[in-house]
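Shown next, in structure tokens, is the structure this report addresses.
The values are calculated or read from the model by the stated rules, or taken from the named source; none is laboratory data. No experiment lies behind these values; they were computed from the predicted model shown. Positions of Cβ are backbone-derived with ideal geometry, glycine not excepted, and every protein chain shown enters the neighbour counts. Calculation scope for accessible area: heavy atoms of the full protein, side chains included, ligands and nucleic acids excluded. Shrake-Rupley method; radii C 1.70, N 1.55, O 1.52, S 1.80 Å.
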Amino acid sequence: MSKPQQSELLGLSLQQLTEITDRFGEPPYRARQLFDGLYRQRWLELEQFSPLPGDFRQRLREAGFSVGLPRTEGRFVSKDGTVRYLLAFADGQSVETVWMPEGDGGEAGDGSASGDEELESKTWSRATICVSSQVGCAVDCKFCMTALLGLARNLTAGEIVGQILAVLRDQQADVERDRLNLVFMGQGEPFLNYDNFMAAVRLLVEGVGFAESRMTVSTSGIVPRIADFGAEPVRPKLAVSLNASNEALRTQIMPITKKWTIEKLIASLRNFPLRNRERLTFEYVLLHGVNDDDAHAREVVELIRGLRAKVNLIALNPGPDILFATPEPERVLAFQRILTAAGIPAFLRRPRGRDIYAACGQLKHTTELVRL
Ligand code: SF4
């Protein structure tokens, strides 16, 4: 008999699992039990799926099925409690996923106060997980260390969900009890892996139990996908990585602007169907002497005038091979003041996990650090 093909169950929808249970001559409620074991219980091995009869589990294994959670290859803990995980998949490729207790991830992004609680004692009351959508990235933003990796491949829906399940397991977090947010702002451009990203979102809502309002996706401005995203019945909130106030400047630091101009980007956002009380988020990484002038702030005001939006300001997180510098705190505050004076809510994002290369734009498989 030929060797069975290895197939991972993680990433399959209830309907796809039902097709499998049908094939094995099992009743449909077995698919629900599989679904529950994968996404709610976060079981690692088929042996743990105790509601399933032993012979069915055995037949699944013999047919080559496994759960398919990523392997934790590295775990770096920052002094601020942030944890950067290096998670590896079946083919040996890996991505980074970041846990930020008391986080000010893109969802909150309001710079609210946070203590330096010791993570292991589980004193956090809320947390944000920053999730990757691709291995590397093809978008080539000039201030981002991930860009230096180039794109290796897209992640599957199972690999996107798997990152979150692995972190939830490690942190013993409970989706119903704890205040958890997900931000799709790790490695990769989610809208260049749109179908897998959206399949993962549906599994997170239907399977894992996350509310869509607790998730935010950030795009560099893939205009056609912004329209598709707006039409989704279930979707996270939308953030746009803006980083420049005019076409020439944005083209310089985000070359993708040549393909989808600022004008087209803002037009697509003006048509974006926001829900009740929903706001767009603009992320703006401030680069010393490049995009951080008062004049740039005033241009941003004009650019996004009339949009129901807030702006998250991020002073550049430095990294090797990144040719920009971090602006002085006073410059960042001056930029913020101009936005708020114009009626645009603007928040300073505290850097998280800079010491372990876990902060925005720093995810580049940096392993030359002590593993804790
Ligand atoms: S900022 Fe985001 S989209 Fe730009 S290169 Fe980095 S990972 Fe890719």
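The table that follows gives values for the structure above.
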quantity: Boolean, GLU73 is without any contact (Cβ under 8 Å) to a residue 24 or more places away in the chain, under 29 Å from the mean Cα position of the chain (by Cα) and over 30 Å from THR18 (Cα atoms); calculated: yes
quantity: Residue pairs meeting the criteria (Cβ under 6 Å; at least 6 apart or on separate chains; first under 20 Å from ALA173 (Cα atoms), in the range 195-221; second within 16 Å of the ligand (Cβ to nearest atom) and assigned to a helix (DSSP H, G or I)); calculated: ALA200/ILE160
quantity: Search result, residues across the range 199-234 that are farther than 21 Å from SER132 by Cβ and among the polar types (S, T, N, Q); calculated: SER213
quantity: Per-region count, the range 220-244, residues more than 17 Å from ARG275 (Cβ to Cβ) and either in contact with an Asp or Glu (Cβ under 6 Å, 6 or more places away or on another chain) or of a type in the set (D, E, K, R) (or both); calculated: 3
quantity: Of all residues making up the range 193-218, the number that are in contact with a strand residue (DSSP E or B) (Cβ under 6 Å, 6 or more places away or on another chain) and within 14 Å of the ligand (Cβ to nearest atom); calculated: 4
quantity: Residue list for the range 261-275, restricted to those being open to solvent by less than 40 Å² (accessible area, probe 1.4 Å) and either among the aromatic types (Phe, Trp, Tyr) or in a helix (DSSP H, G or I) (or both); calculated: ILE262, LEU265, ILE266, SER268, LEU269, PHE272
quantity: Residue check for GLY115: modelled with pLDDT under 95, surrounded by 22 or more Cβ atoms within 10 Å (Cβ to Cβ) and more than 16 Å from the ligand (Cβ to nearest atom); calculated: no
quantity: LEU87, sole failed condition from (1) open to solvent by 30 Å² or more (accessible area, probe 1.4 Å); (2) at pLDDT 95 or above; calculated: (1)
quantity: Residue ID - surrounded by the fewest Cβ atoms within 10 Å (Cβ to Cβ), chosen from residues in the range 135-150 that are near the ligand (Cβ under 8 Å from one of its atoms) and not in a loop (DSSP other than H, G, I, E, B); calculated: ALA147
quantity: Any chance PRO236 is touching a Ser or Thr at 6+ places or on another chain (Cβ under 8 Å) and open to solvent by 50 Å² or more (accessible area, probe 1.4 Å); calculated: no
quantity: In the range 292-324, the residues that are touching a Pro at 6+ places or on another chain (Cβ under 9 Å), at pLDDT 95 or above and assigned to a loop (DSSP other than H, G, I, E, B); calculated: ASP292
